[in-house]
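This report refers to the structure that appears directly beneath it.
The values are calculated or read from the model by the stated rules, or taken from the named source; none is laboratory data. Since this is a predicted model, take the numbers as computed values, not measurements. Positions of Cβ are generated from backbone atoms using ideal geometry, with glycine treated the same way; all protein chains shown enter the neighbour counts.
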Amino acid sequence: MFDRFSETRDLVHRTARGLTPQQLQYRPDASRWSVAENLEHITIVEQSILAGLARTLQMPPEPEKKSAVTDEQLLANFGRVAQPLTAPERLLPTSRWPVADLLNEFDAARRRTIEFATTAVDTKELRHYFMQHPFFGELDCYQWFILAAGHSARHCNQCAGIKESAGFPR
């Protein structure tokens, strides 16, 4: 889990490194997000997941439950778009931060996630706490950490497609 957090943090940085504000804000078409919008969304989702996990870990554990989704299924689709999903409105990018601050905001969110995960792993059996996912159903908290890292990779892959599009500013 912690290796995935480091790998995907580095991937987010490689995705945005060296891009001009014009490149960060380029949209291949009206239906797709820019690299900047993807970065903002990644950060918002990470913050949202962390808030949800903090609430969930305050609830009583449910050691008798098991997630219907396996870690292997989550990892098999790590970073891939297995099925396009529509983000809820509260997770949509709205230019919350200046483009120049996006990586700093992401880094702060990722640091908080890692700090929280470190504490949670030391104090809780993450497999005994569950939180609902709109697509996968109930996932245990360990799986949510896997999902958070995979979500970053997924959007970095989308950004790679933006950067490869014919109209991307050079």
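Assorted remarks:
- The set of residues in region 41-80 being of a type in the set (S, T, N, Q) and either closer than 16 Å to ALA153 by Cα or within 17 Å of the chain's Cα centre (by Cα) (or both) consists of THR43, GLN47, SER48, GLN73, ASN77.
- Just one residue in the set VAL12, VAL45, VAL81 is at pLDDT below 95, closer than 30 Å to PRO169 by Cβ and either out of contact with any Phe, Trp or Tyr (no Cβ under 8 Å at 6 or more places or on another chain) or assigned to a helix (DSSP H, G or I) (or both); that residue is VAL81.
- Test for SER31: is it outside any helix (DSSP H, G or I) and without any contact (Cβ under 8 Å) to a residue 24 or more places away in the chain: yes
- If you go through region 84-116 and keep only what is within 24 Å of TYR26 (Cβ to Cβ), at pLDDT 95 or above, assigned to a helix (DSSP H, G or I) and not hydrophobic (A, V, I, L, M, F, W, C), you end up with ASP101, ASN104, GLU105, ASP107.
- Boolean, ARG127 is surrounded by 13 or more Cβ atoms within 10 Å (Cβ to Cβ) and under 21 Å from THR8 (Cβ atoms): no
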